[in-house]
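Working notes for the structure below.
The values are calculated or read from the model by the stated rules, or taken from the named source; none is laboratory data. For clarity, every value in this text was computed on a predicted model and none was experimentally measured. Here the Cβ is made from the backbone with ideal geometry for all residues, glycine too, and neighbour counts use every protein chain on show. Ligands, DNA and RNA are excluded from the accessible area calculation, which covers all protein heavy atoms including side chains. Shrake-Rupley method; radii C 1.70, N 1.55, O 1.52, S 1.80 Å.
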Amino acid sequence: MIARFMTGAAALAVTAGMAAADYSLTILHTNDFHARFEPISKYDSGCGEESNAEGKCFGGSARLVTALADARARSNNSILVDGGDQFQGTLFYTYYKGKLAAEMMNNMGYDAMTVGNHEFDDGPEVLRGFMDSVDFPVLMSNADVSKEELLADSLMKSTVIERGGEKLGLIGLTPQDTDELASPGPNVTFSDPVAAVQGEVDKLTEMGVNKIIVLSHSGYRVDQRVAAETTGVDVIVGGHSNTYLSNTSDKAQGPYPTMVGETAIVQAYAYGKFLGELNVTFNDAGEITEAMGEPIIMDAAISEHADTKARIKEAAAPLEEIRNRVVAETAEPIDGERGSCRAQECAMGNLIADAMLDRVKDQGVEIAIQNGGGIRASIDQGEVTMGEVLTVLPFQNTLSTFEVKGATVVEALENGVSQHEEGAGRFPQVAGLTYAFDAAQPAGSRVSDVMVGGAAIDLEKVYGVVSNNYVRNGGDGYKMFRSAMNAYDFGPDLADVTAEFMAAQGAFKPYLDGRIVAK
């Protein structure tokens, strides 16, 4: 088969000459929305009504409703799907858990979504409540939920929907390490994505379904592996890595779609900043003959749907008092971008780690470690509200203090940089120590020059450490901390500690000081 993957006028000319048997489908998609029901700034954090009126904001549910109506009007057949992680990220989730996401997704007419790791942040109970509230299937193929009674009868691996007289097979996929990234509980086990997807493809094919779409919260790299190592997958709608794919932007991490063999892979960054729009043409055999599109940026050119905007404003009312309290001031923007804090020393990481260490330094604690994936946004210059701090640190993590030997600290740092090339959330932001790493070396042998208080780390000495309760309990692969000595996981909320540390600085000035060196 010779497939055509093109953009612009050439593709339109081919489309105009399609045989009657061809089937065209528009796949509209979102991923990693993270409770950004209100518009966001260019830093992916909150964006006030004044800035919104000036055209400086992006996204928000009200814009998405308008964009979806426009996109559906352009297509004779369309579906709307989500690549996971609707949960977690703003006070809306803290307050409403999955209820507001369910309401908005029902209103927008989603056809299906996959489970992201953050859908498990509050255990199977909250996920089940969300699933009971939505009008569409929630899917996950690479997990065994048979021993979890809350999910066993409701969470499907795949499903079939019909659109324009054709059957479409949809398969869900979640990160294989969700047990390390979230709180699925002891009764859910996760498995390899390739085998799980192929198993569902084979079942769907036996049922006569020849158009198969995977909704994957596994990240861009894993999606490419799934495409290469399976047969029968036509489209992968991605998430998890917050990857921006585009044919027009020099900031894109790859083309939209990214073709691996005859499989089209798409993803639409995160936070509702884009709506993915992939137009696919299938022949009678269910093979893609054309795949074209581009994510649509949700900027001021897209009007906000009035009723949705009013509903979000109503939902925000109970949150206003908490959010609007000014807690600090910053002289410059504080970089908390994912690409910085999961890869290198970043200003927000320094702030948070220093704040943790400052809070417990009178307890004999010398070292602070904060996972970069726990840092969710930047903060812009000027007054800092508690709402902004909670957008950076939304997880309600508490400070954990504990004691481990120097060798365990080095093991933890090795874990932290072990998935550097994947942009994994375990990357360690630190205070009280400095270290170097070489990502070209094999995982487990990347860290060097570890210094504590200016002296080389003593592998046999016992050090006092502060982190967050998620990391201390083995999250992001930090299993070596589970057996720590004198552990106490119930300290103050990390967001409160950070806000109070900033407030004590006056006009806070962000800084990098070379505490982490990439070789």
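Selection within the stretch 33-75: residues that are touching a strand residue (DSSP E or B) at 6+ places or on another chain (Cβ under 8 Å) and modelled with pLDDT under 95. The member of this set that is nearest to residue 333 (Cα to Cα) is 43.
Of all residues in the stretch 78-110, those satisfying the criterion of being in contact with a Pro (Cβ under 7 Å, 6 or more places away or on another chain) and on the phi > 0 side of the Ramachandran plot are 88, 89. In summary, helices (runs of 4 or more DSSP H) completely within the stretch 16-120 and bearing 2 or more residues that are of a type in the set (A, V, I, L, M) and closer than 30 Å to residue 145 by Cβ occur at 99-108.
Considering only residues that are of a type outside the set (A, V, I, L, M) and at pLDDT 95 or above, which ones fall in the stretch 251-261?
First, pick out the residues of the stretch 251-261 that are of a type outside the set (A, V, I, L, M): 251, 253-258, 261.
Listed by number, the residues that qualify are 253, 254, 255, 256, 257, 258, 261.
In summary, residue 502 fulfils each of the numbered conditions (1) at pLDDT 95 or above; (2) surrounded by fewer than 19 Cβ atoms within 10 Å (Cβ to Cβ) with the single exception of condition (2). Taken over the stretch 378-393, the criterion of being open to solvent by 10 Å² or more (accessible area, probe 1.4 Å), in a strand (DSSP E or B) and among the β-branched types (Val, Ile, Thr) is satisfied by 385 alone. Among residues that are more than 24 Å from residue 297 (Cα to Cα), surrounded by 23 or more Cβ atoms within 10 Å (Cβ to Cβ) and among the aliphatic types (A, V, I, L, M), residue 212 is included. Can you name every residue in the stretch 117-170 that is closer than 20 Å to residue 280 by Cβ and charged (D, E, K, R)? Matches in the stretch 117-170: 162, 163, 166, 167. So is residue 125 under 24 Å from residue 89 (Cβ atoms) and surrounded by fewer than 18 Cβ atoms within 10 Å (Cβ to Cβ) or not? When the stated conditions are applied, residue 125 passes them.
Scanning the stretch 223-249 for residues that are within 23 Å of residue 88 (Cα to Cα), touching a helix residue (DSSP H, G or I) at 6+ places or on another chain (Cβ under 6 Å) and either open to solvent by 20 Å² or more (accessible area, probe 1.4 Å) or not in a loop (DSSP other than H, G, I, E, B) (or both) returns a single hit, 241. If only residues of the stretch 398-456 that are basic (Lys, Arg) and out of contact with any His (no Cβ under 8 Å at 6 or more places or on another chain) are counted, the one that is nearest to residue 336 (Cα to Cα) is 426.
Mind counting the residues in the stretch 160-177 that are of a type outside the set (Gly, Ala, Ser), over 24 Å from the mean Cα position of the chain (by Cα) and buried (at least 18 other Cβ atoms within 10 Å of the Cβ)?
Step one: filter the stretch 160-177 for residues of a type outside the set (Gly, Ala, Ser), giving 160-163, 166-168, 170-171, 173-177.
Now narrow it down to the ones that are over 24 Å from the mean Cα position of the chain (by Cα): 160-163, 166-168.
Those still in the list that are buried (at least 18 other Cβ atoms within 10 Å of the Cβ) too: 168.
Looking only at that region, the number is 1.
Being crowded, with 22+ Cβ neighbours inside 10 Å and in contact (Cβ under 8 Å) with a residue 24 or more places away in the chain: is that true of residue 370 here?
Numbers: crowded, with 22+ Cβ neighbours inside 10 Å: yes; in contact (Cβ under 8 Å) with a residue 24 or more places away in the chain: yes.
Yes: the conditions hold for residue 370.
Of note, residue 60 satisfies the criterion of being touching a residue at least 40 places away in the same chain (Cβ under 8 Å), buried (at least 24 other Cβ atoms within 10 Å of the Cβ), over 30 Å from residue 188 (Cβ atoms) and in contact with a Gly (Cβ under 8 Å, 6 or more places away or on another chain). Counted as qualifying within the stretch 129-219 are the strands (runs of 3 or more DSSP E) with 1 or more residues that are of a type in the set (S, T, N, Q) and closer than 30 Å to residue 244 by Cα, namely 158-163, 212-216. Looking only at the stretch 103-122, residues that are within 28 Å of residue 471 (Cβ to Cβ) and either of a type in the set (Val, Ile, Thr) or open to solvent by 30 Å² or more (accessible area, probe 1.4 Å) (or both) come to 4 in all. Would you check if there is a residue in the stretch 88-102 being in contact with a Leu (Cβ under 6 Å, 6 or more places away or on another chain) and either surrounded by 22 or more Cβ atoms within 10 Å (Cβ to Cβ) or without any contact (Cβ under 8 Å) to a residue 24 or more places away in the chain (or both)? There is at least one residue in the stretch 88-102 that is in contact with a Leu (Cβ under 6 Å, 6 or more places away or on another chain) and either surrounded by 22 or more Cβ atoms within 10 Å (Cβ to Cβ) or without any contact (Cβ under 8 Å) to a residue 24 or more places away in the chain (or both).
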